[in-house]
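Structure record follows, encoded as structure tokens.
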Ligand code: PLP
């Protein structure tokens, strides 16, 4: 095979990044393991317990490592413990969260619905389609956060879940999670928080976003994004095992007896690399990285503003700016990997760990050169 992987040198559009060296090494070592069969691949399964426990610490859930994963009878029998598992990514975590909510709402009279802000990731459209639930998309306000009045108006007895985004894909915005929790509770719906991208940056901000801040029921948080683990390593966390039990099916031919994950066989590489990255970086390494990335984003926003571009200020390390289409195309032709928002076609700059100040300086030099042509 001759193909080379994409270098990160000019990647400004991705929510993923270069894995930490320890995460890369762990992924390689556990490549041939399958935590989907925990009775057979016991060390990978133990690592998954560790991953869930560490993720739990990050998102304000108190998890006892021994109780962490709900794929076997023991955890089910205990009930009530916060838990979760390592998913293939944010999409799987969001699909599974909607599935839990749908199962919970089975007694409602009409077809269950899920209320999401328009800023929510497109994975919720997949979830709604697959699971036959109605997606009630509500607008965001001028600050790109969900409009709470619109959420209040959208919920009713068929609402199975209300979704808040903690680090939106296009603008890096954090919805008012405690208020969304109150609205969800008022109609007996679950609150799901999508922190797939923001979850490893938010602990170092003063935002209220996690289980400890609000009545969150389920959450997506991806080690393979800001967490610097190798793909595939997402995370689904739930407030109590009975929620995960909504997903469990019996697994007669495996050594374990039930499985809550969406995929069956899955790579232990993601699980191991998530643990390696978190052991290496939580909390100080992630804090340092967040500070560096946030400074880079603020610096880039200033630089773009000085040049006359309209900029959406970065709350998290993500800048969106109005750059004309011909210039956007020219920059892409120079090898810069850039993408745009769906609504008003702003260019997004995701200041992931591989995005350095030197890289941004080199980007701006290209921008200036192409702009003056
Ligand atoms: N949620 C958010 C907020 C995201 O930004 C993304 C992807 O960028 C996802 C979910 C989907 O994650 P994945 O692509 O890992 O499935």
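Among the residues making up the stretch 229-274, those that are in a loop (DSSP other than H, G, I, E, B) and within 16 Å of the ligand (Cβ to nearest atom) are 229, 230, 231, 232, 233, 261, 262, 263, 266, 267.
Residue count for the stretch 1-36 satisfying the condition of being surrounded by 22 or more Cβ atoms within 10 Å (Cβ to Cβ), more than 14 Å from residue 274 (Cβ to Cβ) and either away from the ligand (no atom under 16 Å from the Cβ) or without any contact (Cβ under 8 Å) to a residue 12 or more places away in the chain (or both): 1.
For (1) in a helix (DSSP H, G or I); (2) out of contact with any strand residue (DSSP E or B) (no Cβ under 7 Å at 6 or more places or on another chain); (3) surrounded by fewer than 22 Cβ atoms within 10 Å (Cβ to Cβ), each residue gets a yes or a no:
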residue	(1), (2), (3)
111	no, no, yes
125	yes, no, yes
129	yes, yes, yes
135	no, no, yes
142	no, yes, yes
149	yes, yes, yes
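Here the stretch 210-228 is the region considered, the condition is being under 13 Å from the mean Cα position of the chain (by Cα) and away from the ligand (no atom under 12 Å from the Cβ), and the residue that is surrounded by the most Cβ atoms within 10 Å (Cβ to Cβ) is 228. Among the numbered conditions (1) closer than 20 Å to residue 312 by Cβ; (2) more than 15 Å from the ligand (Cβ to nearest atom), the only one that residue 164 does not meet is (2). The set of residues in the stretch 254-276 that are surrounded by fewer than 23 Cβ atoms within 10 Å (Cβ to Cβ) and more than 17 Å from residue 42 (Cβ to Cβ) comprises 262, 263, 264.
Quick note: the coordinates plus some simple rules give every number you see, no bench work behind them. Keep in mind the model is a prediction, meaning the values are calculated, not measured. Note: ideal-geometry Cβ built from the backbone for every residue, glycine included; neighbour counts use all protein chains shown.
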